[in-house]
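Below you'll find the structure, written out as structure tokens, and then a few comments.
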Amino acid sequence: MNPQKPVGARVKISRNGPYLVSGALPLHRQTIGTNEDGESTSWDKGRQYPEQEQYALCRCGHSASKPFCDGSHAKVGFDGSETASREPYLDQAEVIRGPTMSLTDVEGLCAFARFCDPHGKVWNLVGASDEPAAGKHFVSQTCACPSGRLVAWDNETGKPIEPAFEPSIALIEDPAQHCSGPIWLRGGVQLIGADGFEYEIRNRVTLCRCGASQNKPFCDGTHASIGFSDSE
């Protein structure tokens, strides 16, 4: 469940300020692609930013230099208090068992990417995970969940089924909802709180960058309701 911690790759949360990134983590944009019915079906890679050993990403939502910090957090009096649970993922998760695979779900981590919706919703697919088509959709839809709210498990081995990510950061864009989404940490990047707390290392994590999440530092989907934009 916890990928090996990559040397030097980390994100440090500054108190009421930006995310301080170190370890030359690649940064690019990822857009949620949809089908003709408006369902989330693909991740489409966009702009790749020049490599930097260190950089600061805006988390108040007010920077004029998005995605990077320009100091606006101080001017707007941003409150970046970390209110999310610090319990390990599995201690928070609801478990839904299927015949060959199971699903763990921590609803509070939902980043509203909606990959769970096609093919009758992923919660219904787990019960038919022994059927080839349903099992295939179940795995692909859970693995596409950027926040790691949803994780598929192989009942026989007891191990999670995870996409293979190199340590990197993606900025999510959501044209279907006419907004920009969260910061997506991938591949086991260490996240460190403003007080030095080391969050559980996970393969998929989404961080708030609109400044309005009630589950900081994690995204709770508020960007969609407020129409947050990270236009360049």
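Among residues of the range 1-41 being surrounded by fewer than 18 Cβ atoms within 10 Å (Cβ to Cβ), in a loop (DSSP other than H, G, I, E, B) and among the aliphatic types (A, V, I, L, M), the one that is modelled with the lowest pLDDT is Met1.
Is it the case that Leu27 is within 18 Å of Ser147 (Cα to Cα) and over 16 Å from the mean Cα position of the chain (by Cα)? So that I can check it myself, show each step before the final result.
Working: within 18 Å of Ser147 (Cα to Cα): yes; over 16 Å from the mean Cα position of the chain (by Cα): no.
So Leu27 fails the test.
Here's the yes/no breakdown for (1) closer than 21 Å to Lys159 by Cβ; (2) in a helix (DSSP H, G or I):
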position: Ser102; (1), (2): yes, no
position: Ala111; (1), (2): no, no
position: Asp117; (1), (2): no, no
position: Val126; (1), (2): yes, yes
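Whenever a residue of the range 144-166 is outside any loop (DSSP other than H, G, I, E, B), its partners that are acidic (Asp, Glu), lying with C-beta atoms within less than 7 angstrom and at least six residues away or across chains, give the pairs Leu150/Asp105; Ile161/Asp154. All conditions in (1) surrounded by 15 or more Cβ atoms within 10 Å (Cβ to Cβ); (2) modelled with pLDDT of 95 or more hold for Asp44, with the sole exception of (1). Of all the criteria given as (1) surrounded by fewer than 19 Cβ atoms within 10 Å (Cβ to Cβ); (2) in a loop (DSSP other than H, G, I, E, B); (3) at pLDDT 95 or above, the one not satisfied by Ser225 is (2). Among the residues of the range 57-80, the one identified as over 12 Å from Asn16 (Cβ atoms), in contact with a helix residue (DSSP H, G or I) (Cβ under 8 Å, 6 or more places away or on another chain), buried (at least 18 other Cβ atoms within 10 Å of the Cβ) and of a type in the set (Gly, Ala, Ser) is Ser63. Condition first: in a strand (DSSP E or B) and touching a Lys or Arg at 6+ places or on another chain (Cβ under 7 Å). Can you find one or more residues in the range 188-197 that meet it? Yes - at least one qualifying residue is present in the range 188-197. Of all residues in the range 108-138, those satisfying the criterion of being out of contact with any helix residue (DSSP H, G or I) (no Cβ under 9 Å at 6 or more places or on another chain) and closer than 20 Å to Leu90 by Cα are Cys110, Trp123.
The values are calculated or read from the model by the stated rules, or taken from the named source; none is laboratory data. In this text, all values refer to a predicted model and were calculated from it rather than measured experimentally. Heads up, the Cβs are rebuilt from the backbone with ideal geometry, glycines too, and the neighbour counts pull from every protein chain shown.
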